[in-house]
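Structure first, commentary second.
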Amino acid sequence: MTHVVVLDSDETSGVILGEFLKQHAILVTQIAESRQIRRVLVQEIVDAFLIEVSTEDGVEIVRSVANLTDAPILITSRKQTTEDDRVDGLEAGASDYVCQPYGNRELLARLKAAIRDRTKAKPERDRRSYKFNGNELLVHKRVLRWHDREDVKLTTAEFNLLSAFLRAPREVLSRERLLAASRVHSGEIFDRSLDSLVLRLRRRIERDPGKPELIRTARGVGYWFDSDVDYEERPRLKR
């Protein structure tokens, strides 16, 4: 579930916004003081911040948050702003600056857009593991941890291929896309060897490689991964 921190000194306004976001399946943490931000970041994964800048130190708060996390920051303002105000906020690290008049639906759309853009740019190393069918792929160790079998250490090519599937579950991936994802060194994986690599991976993760239930064949196109996938991140501050 998407987790958004709302920083607003006006408790009533913050509660109204928080209730609206919750209606759209967003987990909301409401805080009234900037000093609470570090505690939240250390304890939880935060996908975005909504910060109402009603005081003179509002921009400094944005700057301090941007120094702590890569999560997108949206500034909201209930007062009239100048171009200089908006530029200062964006230069301090905000992803967007939303001024009155605006509706909650517009704010939600801007929030989702900021999260989507940041998610696309987020490096793979931020993901600690992928989970599917009760199993877990540990990203840093390149180890497949089974719930009922011994751990399996994957080769680089196997890990790259499985990661490509786990990043796009139930999406048909073309042979070209899988070739690019699996390549360890330029030219190492060729079209004819992709099928062999898929077979090797099936032997690693399928109960019956001859009757695969996870890595499915899309004839004439490529392959697709037939399972729900969750990923886990470690709460972290910028270093």
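Brief remarks follow.
- Condition check for residue 170: of a type outside the set (Ser, Thr, Tyr) and either in a helix (DSSP H, G or I) or at pLDDT below 85 (or both): no
- Residue 27 in a helix (DSSP H, G or I), closer than 22 Å to residue 118 by Cβ and assigned by TED's automatic domain parsing to the domain that holds residue 117: no
- Complete set of residues in the range 192-207 that are crowded, with 18+ Cβ neighbours inside 10 Å and either acidic (Asp, Glu) or modelled with pLDDT under 90 (or both): 194
Conditions (1) more than 21 Å from residue 129 (Cβ to Cβ); (2) without any contact (Cβ under 8 Å) to a residue 24 or more places away in the chain, marked per residue:
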residue: 201; (1), (2): no, no
residue: 206; (1), (2): no, yes
residue: 217; (1), (2): yes, yes
residue: 220; (1), (2): yes, yes
residue: 228; (1), (2): no, no
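- In the range 7-19 there is at least one residue matching the filter, namely being out of contact with any Phe, Trp or Tyr (no Cβ under 8 Å at 6 or more places or on another chain), among the hydroxyl-bearing types (Ser, Thr, Tyr) and assigned to a helix (DSSP H, G or I).
- Every condition in (1) outside the structural domain of residue 204 (by TED's automatic domain parsing); (2) surrounded by 14 or more Cβ atoms within 10 Å (Cβ to Cβ); (3) at pLDDT 90 or above holds for residue 165 except the one numbered (1).
- Residues located in the range 32-57, provided they are free of Cβ contacts under 8 Å to residues at least 40 places away in the same chain and of a type outside the set (Gly, Ala, Ser): 33, 35, 36, 37, 39, 40, 53, 56, 57
- Residue 29 farther than 16 Å from residue 110 by Cα, of a type in the set (S, T, N, Q) and touching a residue at least 60 places away in the same chain (Cβ under 8 Å): no
- Number of positions in the range 133-173 that are aromatic (Phe, Trp, Tyr) and within 20 Å of residue 196 (Cα to Cα): 2
- Some residue of the range 95-113 being modelled with pLDDT of 90 or more, part of a helix (DSSP H, G or I), touching a His at 6+ places or on another chain (Cβ under 8 Å) and closer than 30 Å to residue 231 by Cα: yes
The values are calculated or read from the model by the stated rules, or taken from the named source; none is laboratory data. Note that the coordinates shown come from a computational prediction; the quantities given were computed from them, not determined experimentally. Reconstructed Cβ throughout: ideal geometry from the backbone, glycine too, with neighbour counts over all protein chains shown.
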